[in-house]
Amino acid sequence: MRLAVLDVGSNTVHLLVVEAHRGAHPRPMSSDKDELRLAEHLDSRGALGKEGVKALLESVHRARDIAREAECDDLMAFATSALRDATNSAEVLAKVQRETGVVLEVLPGEDEARWTFLAVRRWCGWSAGRLLVLDIGGGSLELAVGRDETPDVAVSVPLGVGRLTREAFTTDPPARAELAALTERVREELAPVAGRLRAAGRPDLAVGTSKTFRTLARLAGAAPSSAGPRAHRTLTAQGLRQLSGFVTRMSGPDLAQLDGVSAGRAHQLIAGVVVAQAAMDALGVAELDICPWALREGVLLRRFDMLDGANGDDRSAQTSGGGLGPLTTHRARWS
């Protein structure tokens, strides 16, 4: 089976095409990204502006065509924080469906945490024991903990790096007072969440996933992307503290010159350092393993589980409890 998953995030629109069958490792066939930074197109009323809508339509059109040309059996499309927060979300979703034929499902934040956790569990395996998973996105931070494939606790908080950069910083690099104020804000918002996660039990392994953690780990000395997804990468609290000491004094253009930092996201890196440090401190984490699988892979795995369930396998019951209903039954209609 050939499947495509389209992830409309706060920073990028990412299409992943994979080949897979029951019991097999999903084999990536292609990966295409458009860096739209939709969250930066929200106006003062919180609505996605005309330019943002236009860029989104063009990107979804392109993704649909790629999936069609790849002869995918299905295209699963979802949106996260940027469209979840937009005051005109329903209008934009309807326009996307009307003009592209693609149905975008807006995922609740807890489902983002849940499906990312599923992906990390499958990547790390049962021998990893109880997992704690952290995922810093453009609009939100997802956290989950548990021993099974469904986490015991899954939460989302509005502490994404794009959101915080827009809301907290007025200079580049940020003033020390702005940096201190953001650090205090993030710690306060994380405190009750961290309490829930810690009450669920001490993890055997803490894992960070998605772009921000991969970038921070690379800057702290982890293997480059050229080493492949199976290279063991970690981010330590000590390494992060040392990293913070110099990146928080650098401007976005200077940060973009560092190895592993993309030019389009360089200005968000300082907020990423603040959130990562605060989260690791609040949860008592000294080291994170970096996992290459995240939400997109979790959505695909969820789909495979549901197909197995339809064929009489009861594993789908183990990963139920959230959204993705339309994504698990929709068949691609190429127009």
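Our helix-only sum for the chain, with -39,500 (n - 2.57) per DSSP H run of n ≥ 4 divided by its residues, gives a mean residue ellipticity at 222 nm of -13500 deg cm²/dmol. Of Ser127, Ser244, Ser59, which has the largest mean-square fluctuation in a 10 Å C-alpha GNM of the chain? Taking springs between Cα atoms under 10 Å, the residue moving most is Ser127. The residue among Ser262, Leu216, Pro292 whose Cα reaches farthest toward the positive pole of the charge dipole of the stretch 179-315, with charges on the beta-carbon of Lys, Arg, Asp and Glu, is Ser262.
Heavy-atom accessible surface of Asp305, to the nearest 10 Å², is about 0 Å², with a 1.4 Å probe and all protein chains retained. Membrane-span-like helices in the chain, defined purely by DSSP H runs whose alpha carbon atoms cover 24 Å or more axially and whose average Kyte-Doolittle hydropathy reaches -0.5, are 176-199. Solvent-accessible surface of the chain, averaged per residue with a 1.4 angstrom probe and all protein chains in place: 43 square angstrom. Taking the Cα centre of the chain as reference, the dipole from Cβ charges on Lys and Arg (+1) and Asp and Glu (-1) amounts to some 280 debye. Beta bridges from DSSP with both residues in the chain: antiparallel share about 65 percent, rounded to the nearest 5. The lysine pair tally for the chain, using Cα distances under 20 Å and a gap of 8 or more places or different chains, is 4. Using alpha carbons only, the radius of gyration of the chain set against its Kirkwood radius gives Rg/Rh = 0.95. With all protein chains in place and a 1.4 Å probe, the accessible surface of the stretch 117-171 carries 49 percent carbon and sulfur.
The values are calculated or read from the model by the stated rules, or taken from the named source; none is laboratory data. All values derive from a computational prediction rather than experimental measurement. Here Cβ is always computed from backbone atoms with ideal geometry, including for glycine, and neighbour counts include all displayed protein chains. Quick note on the areas: whole protein, heavy atoms, side chains included, nothing else; ligands and nucleic acids left out. Shrake-Rupley method; radii C 1.70, N 1.55, O 1.52, S 1.80 Å.
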